[in-house]
Amino acid sequence: MVDLDQEVVRVCKQYLENHHRGAFQDPRVELRIADAREPLVRGSESFDVIILDLPDPIEGGPAYLLYTKEFYESVLARLAPDGIAVVQAGSALPMLIDEAFTPIFRTLSTVFPMVRPYRAEVASFGGLWGFILASLGPDPAALAASTLDTKLCERVTQPLRFYDGVTHEGLFRLPKYLREAMAAETRVITEENPLFVF
């Protein structure tokens, strides 16, 4: 885990135990307080999965360069064969999808061979939130519910409140308005032409 703000991590550890459920104490976790660009742009490590849960790209903010084609090319270079990257891509509500979701989808599509958008209800954000999974290997949307349920039983020790095989299949079944907006999107986010929200 790489996070820029040590104070935010401290507060999360102390007050959001219901969210992290002891993950910070897991011996497999290595926490680095640093800019997320460092290990991906300048590093040499290889990762099976890269999860980018970033602050919104706000002008002058710390994260807007983490939504560019150049950064996604660095992510691609750090993935192991058959690796996947997941990007939090902003609101998936009809009136807000072109603010971030569709240009992020379009940009990732220029870098990765397989890109699968999905959405989920995120109560703390007040509605549907968009995510985009970019894969160098298998198609996550093709994973059968029964196969996923078997894998979850083998690997997850605590009950999950949201995710199971049926939910997984439904995540990738996007409504028409979202499919049409993604098909119409032409913007590609670059360092020279960054995306800013708000």
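The values are calculated or read from the model by the stated rules, or taken from the named source; none is laboratory data. No experiment lies behind these values; they were computed from the predicted model shown. Reconstructed Cβ throughout: ideal geometry from the backbone, glycine too, with neighbour counts over all protein chains shown. Note: areas computed on protein heavy atoms with side chains; ligands, DNA, RNA excluded. Shrake-Rupley method; radii C 1.70, N 1.55, O 1.52, S 1.80 Å.
Could you say whether any residue in the stretch 5-25 is modelled with pLDDT of 85 or more and touching a strand residue (DSSP E or B) at 6+ places or on another chain (Cβ under 7 Å)? Yes: the stretch 5-25 contains one or more residues that are modelled with pLDDT of 85 or more and touching a strand residue (DSSP E or B) at 6+ places or on another chain (Cβ under 7 Å). Quick test of your reading of the structure: Leu108 fulfils all but one of (1) assigned to a strand (DSSP E or B); (2) open to solvent by less than 10 Å² (accessible area, probe 1.4 Å); (3) farther than 15 Å from Asp56 by Cβ. Name the failing condition by number. Checking Leu108 against (1) assigned to a strand (DSSP E or B); (2) open to solvent by less than 10 Å² (accessible area, probe 1.4 Å); (3) farther than 15 Å from Asp56 by Cβ, the one that fails is (1). Working carefully through the options Pro113, Pro55, Pro62, find the one that is touching a Pro at 6+ places or on another chain (Cβ under 7 Å), closer than 27 Å to Phe172 by Cα and open to solvent by 70 Å² or more (accessible area, probe 1.4 Å). Residue meeting the stated conditions: Pro55.
The single condition among (1) modelled with pLDDT under 90; (2) of a type in the set (Lys, Arg); (3) loosely packed, with under 14 Cβ neighbours inside 10 Å that Arg37 does not satisfy is (3). Residues in the stretch 78-102 that are outside any loop (DSSP other than H, G, I, E, B), over 24 Å from Ala142 (Cα atoms) and either among the acidic types (Asp, Glu) or touching a Ser or Thr at 6+ places or on another chain (Cβ under 9 Å) (or both): Arg78 only.
Consider Val29 carefully, then state whether it is of a type in the set (A, V, I, L, M), part of a helix (DSSP H, G or I) and either farther than 13 Å from Val75 by Cβ or open to solvent by 70 Å² or more (accessible area, probe 1.4 Å) (or both). So Val29 does not fit the description; no.
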